[in-house]
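Notes follow the structure.
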Amino acid sequence: MSDLAVQPVGETASGLSQWQRVTNTFTAPSKTFEDIKRGNKSWWMPFLIFALIGYIFFAVVSSKIGIQQVTENQVHLNPAQEEKMAQATPEQRAMGLKIGTYITEGIFIANPVLVLAIVAMGSLVLWGTINFIFGGKATYGAIFCAWMYAGLPAILKSLLGMIVIFAGTAPESFNIKNFAPTNVGAFLNPLETNKALYALATSIDLVTIWTLVLLGIGIAAVAGVKRSSGYIAVFGWWAIIVLLGVGIAAVTG
């Protein structure tokens with residue numbers, strides 16, 4: 001995993017700049033991933049973009065919704081937790097909300113670290129899948145870098161979420177787990193919809209699918225295998241995760 005190190009800004013004479021790779025991810029993704037395959041594995045630009053947009057989103061949510069309101073909304077969306085809070089003493093409820101607020105703030109603040117952890121673990125799984133099952137020759141660093149760029153559409157979801165907030169969404173109806181109308185679940189009432197159905201509707205997300213398509217293209221390019229193999233690897237794992245989520249929702253709902 002030593003090839004994961006951040007390379008100098010100059011990279012190679014024939015390589016694309018980081019900004020070119022960012023823009024090509026949206027307009028000509030194959031150029032970005034072929035550049036990564038050639039050995040240009042710097043990933044700090046998309047990472048900085050994730051961190052910046054994430055903190056701007058945090059500021060917007062904090063100022064327009066309020067972190068305590070976000071926490072209260074999540075309690076309301078969980079009937080079991082809401083019932084438990086209703087049975088608690090006023091002091092216990094206040095303490096519970098205070099702790100929940102701290103946890104929510106902590107997740108926002110630690111978001112860049114969480115991004116790195118998720119990409120690192122996911123890249124390890126895809127590295128093993130594309131190499132040992134589909135006969136690819138990708139390095140871990142190339143998979144990691146490809147994932148960083150493939151994840152860029154997520155910033156559009158955050159931007160859309162901010163637009164929704166500024167458009168006047170009611171603070172009491174804001175759902176931090178599904179804040180942008182990019183999936184069917186965003187148009188369903190989570191309290192009135194079957195939990196398994198809601199989990200499935202939320203998982204089939206346009207931005208997520210866009211990201212998965214890019215990731216399929218990316219890992220196929222850096223591994224030197226057919227694009228269909230990249231799609232099967234990426235969408236196969238996604239389907240497993242979605243089914244597990246739906247199953248858990250069905251059992252706990």
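Read-outs: derived from the displayed coordinates by stated rules, not from any lab. Everything numeric in this text was worked out from a predicted model, so none of it was measured. Positions of Cβ are backbone-derived with ideal geometry, glycine not excepted, and every protein chain shown enters the neighbour counts.
With each label modelled as a point 7 angstrom along the Cα→C-beta vector, the residue 163-residue 44 pair spans 3.2 nm. The fraction of all Cα pairs in the chain landing in successive 5 Å bins from 0 to the largest distance is 1, 6, 12, 15, 16, 16, 12, 9, 7, 4, 2, 1, 0, 0, given as whole percents. Gain on full extension, evaluated as 0.36 nm per residue between residue 22 and residue 94 minus their Cα-Cα distance, stands at 21.5 nm.
One decimal place: the segment residue 116-residue 197 gains 26.1 nm when fully extended, by the rule 0.36 nm per residue minus the C-alpha distance.
What does the charge add up to near residue 174, with Lys and Arg as +1, Asp and Glu as -1, over the other residues with Cβ less than 12 Å from its Cβ? The answer is 0.
Among the lysines of region 36-150, pairs that are 8 or more positions apart or on different chains and have alpha carbons within less than 23 Å of each other number 4. The calculated FRET efficiency for the pair residue 172 and residue 206, based on their C-beta separation and a Förster distance of 25 Å, comes to about 0.45. In percent, what relative contact order does region 51-163 have, based on Cα pairs under 8 Å that are 6 or more apart in sequence? Here the relative contact order equals 33 percent.
Couplings 3J(HN,Hα) of region 238-244, computed from phi: 4, 4, 4, 5, 5, 5, 5 Hz, in residue order, whole Hz [Karplus 6.51 cos²θ - 1.76 cosθ + 1.60, θ = phi - 60°; x for Gly and Pro]. Each Cα pair under 8 Å and six or more residues apart adds its sequence gap; the mean of these over the residue count of the chain is a relative contact order of 25 percent.
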